[in-house]
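Each reported figure results from applying straightforward, stated rules to the coordinates on display, with no laboratory input. In this text, all values refer to a predicted model and were calculated from it rather than measured experimentally. Reconstructed Cβ throughout: ideal geometry from the backbone, glycine too, with neighbour counts over all protein chains shown.
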Amino acid sequence: MSQLTGKVAIVTGAGSGMGRETALLLAAKGASVAIVGRRRDALDEVKKLIDERGGKAVVVTADIAQAEEITRLVDVVRSDLGTIDILINNAGSSSRVLNPRWTPDDEWQHVITVNLTAVFRLSKAVLPDMLAKQEGTIVTVSSLAAVNPNLLGGAAYGAAKAGVRNFMTFLHNTFRNEGLRAITVLPGEADTPILENRARPPAPEERRNMVQPIDVATAIEVAVTLPARAVLQEIIVAPTRQRDTAADLEISRWVGAPTDSQPSA
């Protein structure tokens, strides 16, 4: 019997990157996985791989920025797979404008909604199942931007990731004696699709030494497959080698700035 046989897991942002790799690993360990995202074609590809490897998965397309979509998502998972044992809050969003001098309110709000408010709503929705069983695991992918915020991730992203780290610690402190494991994963610079939103997307040779999606997924797999008596409350997954980001930071500083505020060439 696999370690997660009989468990039901939700993975958000499962169509690519860390979410995709996490869904594949959890399914391989025996979990029935709800793979969640906005792009049906990408989710179908993940489900096909899980099916081919003998696992079980359902596809749920949802925009987790919408409260009603979260309610529908959880209802579908309960109906199709059963009560929820594991929630992986992986979906994330970053803003185009990084400097708070120029960040539009709507960009700020969207990043906060996806990275923080949606995590609150999803966690709230699955808590009844977990507390009733006196056992459950919520993993949220935060970022080292929560600890060392800068212009690479931007003001909104860093604030949201710090907020979600705080919220997960709150869940841990409040519900640990009711069997809930609340785990925060803080990746360093990682080679995921979100890099394409950067002011200067890193070149392929720069990405080779970054954290890869499978690295973070493996850390999540270890955390959720530990015996229920043990919790890895916070996990940092950082690149061994650090690159010079000074040029990236300077470019990021001026994205979205009015023309008359731009530095002279």
Cut-off 13 Å between beta-carbons: net charge of the residues surrounding E196, Lys and Arg +1, Asp and Glu -1: +3
Rg (Å, one decimal) plus Dmax (Å, integer) for the alpha carbons of the stretch 170-218? 16.0, 47
What pairs in K7/K124; K47/K161; K133/K161; K29/K133; K29/K161; K7/K48 have C-alpha atoms more than 23 Å from each other? K47/K161; K133/K161; K29/K161
From the phi angles alone, apply the Karplus equation (6.51, -1.76, 1.60; θ = phi - 60°) to the stretch 139-154 and give each ³J(HN,Hα) in whole Hz, x where the residue is Gly or Pro. 10, 10, 7, 8, 5, 5, 5, 5, 9, 10, x, 7, 6, 5, x, x
Can you tell me what the convex hull of the Cα atoms of the chain projects to on average, as an area in nm²? 14.5 nm²
Under 10 Å, Cα contacts only: if you run a Gaussian network model on the chain, which one of R38, R165, R72 comes out with the highest mean-square fluctuation? R72
Could you work out which residue, out of K56, K161, K48, moves most in a Gaussian network model of the chain, that is, has the largest mean-square fluctuation with Cα springs under 10 Å? K48
Can you give the percent of C-alpha pairs in the stretch 101-178 whose distance is more than 17 Å? 49 percent
With G17 itself left out, Lys, Arg at +1 and Asp, Glu at -1 over residues whose Cβ is under 14 Å from its Cβ give -2
Just to confirm a number: summing +1 for Lys and Arg and -1 for Asp and Glu over residues other than N177 whose beta-carbon lies under 15 angstrom from that of N177, what do you get? +2
Tell me, what ³J(HN,Hα) does each residue in the stretch 230-237 have, in order and in whole Hz, if you take phi through Karplus 6.51 cos²θ - 1.76 cosθ + 1.60 with θ = phi - 60° and put x for Gly and Pro? 10, 9, 8, 4, 9, 10, 9, 10
Which of A217, A230, A238 moves the most in a Gaussian network model of the chain with Cα springs under 10 Å? A230
For the stretch 10-22, Karplus couplings with θ = phi - 60° (6.51, -1.76, 1.60), whole Hz, Gly/Pro x: 10, 10, 8, x, 8, x, 7, x, 4, x, 4, 5, 5
First obtain the Kirkwood hydrodynamic radius of the stretch 1-130 from its Cα pairs, then insert it into the Stokes-Einstein equation at 20 °C and 1.002 mPa s, and state the resulting D in µm² per second as a whole number. 142 µm²/s
For the stretch 166-265, report the % of Cα-Cα distances exceeding 16 Å. 68 percent
